[in-house]
Amino acid sequence: MSGWWNTLGTGGPIIAVLAAMSLLSLAVIVVKCLALWNCRSGAAMRDEAFGMWRSGDKHGARKAVEAGRSPADRVTAYAMQALASGFKGPALEAELQRRGNDEVAQMNRLIRLLELIAMVSPLLGLLGTVLGMIQSFQELELAEGAANASVLAGGIWQALLTTAAGLLVAIPAAVAAGLLSARIESAAQMIENSVGRLLLIDQNPPV
């Protein structure tokens, strides 16, 4: 282990930091994938519940939506409960917006951490490369021209290794953050659409 660490030179500490960031990134990706697995589910069930609400079976509609597991199901279930109890108007709309915002904020937890890892990792890799190049040229200066090309090349590849490591950490984090953000945005739109449909149906009952 010590020999491997010495081979990395000045890039060793930065490689260690990048390795820790990589493990953290992978852990966050797994946690968020599990948490967001059902965030866009239940569309067909909500359509059926809206049909029941329109036909007057409000209790059945509530029960159907309450069985869902997505943020849209939870906000819609609350909206149905509020409407059934007579809570309507701007006050209800404000409360639904607040609940929707809370759901979106919950889904967005740790996404900023992934984005930060994707942004910082290449910079750390570049820092390691710069430090390694400085060390290589210092050694060349101390050798007063006696250093051969292989020694200089060895220092350069050690320096460039940190840049490669930084990119290897940043790319999966950036891709995951983008895909998860898109999924969250889609789930947020589903919340808005579901609540909007319910309020429209409730305000325009069948004749």
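The values are calculated or read from the model by the stated rules, or taken from the named source; none is laboratory data. Everything numeric here is computed off the predicted structure, so don't read it as measured data. In this analysis, Cβ positions are derived from the backbone assuming ideal geometry, glycine residues included, and neighbour counts consider all displayed protein chains.
Cβ-Cβ distances below 7 Å connect no pair with a first residue in segment 123-138 that is at pLDDT below 90 and of a type in the set (D, E, K, R), a second residue that is buried (at least 16 other Cβ atoms within 10 Å of the Cβ) and part of a helix (DSSP H, G or I), and a separation of six or more residues or different chains. Being under 27 Å from the mean Cα position of the chain (by Cα) and surrounded by 14 or more Cβ atoms within 10 Å (Cβ to Cβ) is the filter here, so list the residues in segment 76-105 that pass it. Residues satisfying the conditions are Thr76, Ala77, Tyr78, Glu95, Leu96, Gln97, Arg99, Gly100, Glu103, Val104.
Across segment 34-53, which residue is nearest to the chain's Cα centre (by Cα) among those that are buried (at least 16 other Cβ atoms within 10 Å of the Cβ) and among the charged types (D, E, K, R)? Among those residues, the one meeting the criterion is Arg40. Residue count for segment 80-105 under the criterion of being free of Cβ contacts under 8 Å to residues at least 24 places away in the same chain and closer than 28 Å to Val31 by Cβ: the result is 5.
Whether a residue is over 20 Å from the mean Cα position of the chain (by Cα), basic (Lys, Arg) and crowded, with 18+ Cβ neighbours inside 10 Å was assessed, and Arg62 passes this test. Scanning segment 53-70 for residues that are closer than 16 Å to Leu199 by Cβ and hydrophobic (A, V, I, L, M, F, W, C) returns Trp53, Ala61, Val65.
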